[in-house]
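Just so it is clear, none of the values below were taken in a lab; they were calculated from the coordinates. Quick caveat: nothing in here was measured; it's all calculated off a predicted structure. As a convention, Cβ positions derive from the backbone with ideal geometry for all residues, glycine included, and neighbour counts pool all protein chains shown.
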Amino acid sequence: MKRVVFLGNDGTFVDGPHGNDPAQIRLLAEARRGLMRLVRDGYSIVIVASHSDIAHGATPVSAMDALRARIVELFTPMGAELAGFYYCPHHPTGSVIEFAIECECSKPGAGLILRAAQELGVDPAEAWMVGDTLDDVEAGNRAGCRTILLDHGNETEWRADGNRWPSVVVGDLDRAAHVIVGAEEPVRVGYTP
Ligand SMILES: [Zn+2]
């Protein structure tokens, strides 16, 4: 069975907004280190991203192919495998009719992760979900994954009930990779529900 790490969005490993131009995407240095660490330990990466910008008409669906291709291009020199690329294009108040729905796949629901896990033959309980919002964390928890929050400023609301709290909180993908490969003890934060 594949060992996978689900990543909640491309902001977990690239350097900020890139609009609709995938050529602008660069890997963050710590993300590169983290990915290499995961590769050495036999992990593949599966992206499970929210792209409500599609429902809002800001991004065409066709841009996802180019985004995926760019990520593969960035991963390949490191020997990292992008084992899956899943996204939710929906939003109930979207302006693009076909995507303006209440869907099964939007986070914090587990639908996208569960679909990816089923299609890829992955046991969610053996997988990690790494994201930079508590919606990512809740989706991972609901799917039965172990979860890591990358706290680098993208989460601003901190509505953290028990279902939304991660197994581990770290600052970047390299620290997350350390935890995943067991190279160091998990960094637990003092959180009282
Ligand atoms: Zn959806």
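Taking region 117-128, which residues are in contact (Cβ under 8 Å) with a residue 24 or more places away in the chain and either out of contact with any Pro (no Cβ under 9 Å at 6 or more places or on another chain) or within 11 Å of the ligand (Cβ to nearest atom) (or both)?
Once the filter is applied, which keeps residues that are in contact (Cβ under 8 Å) with a residue 24 or more places away in the chain and either out of contact with any Pro (no Cβ under 9 Å at 6 or more places or on another chain) or within 11 Å of the ligand (Cβ to nearest atom) (or both), region 117-128 yields Glu119, Leu120, Gly121, Val122, Asp123, Glu126, Ala127, Trp128.
Restricting to region 85-114, and then to whatever is of a type in the set (Gly, Ala, Ser), touching a residue at least 40 places away in the same chain (Cβ under 8 Å) and farther than 12 Å from Ser50 by Cβ, can you tell me which residue is farthest from the ligand (Cβ to nearest atom)?
The extreme case among them is Ser95.
I'd like to know if region 71-78 contains one or more residues that are free of Cβ contacts under 8 Å to residues at least 24 places away in the same chain and in contact with a Leu (Cβ under 7 Å, 6 or more places away or on another chain).
Yes: one or more hits.
Please go through region 26-58 and give me each residue that is part of a loop (DSSP other than H, G, I, E, B) and surrounded by 18 or more Cβ atoms within 10 Å (Cβ to Cβ), ordered by number.
Leu28, His51
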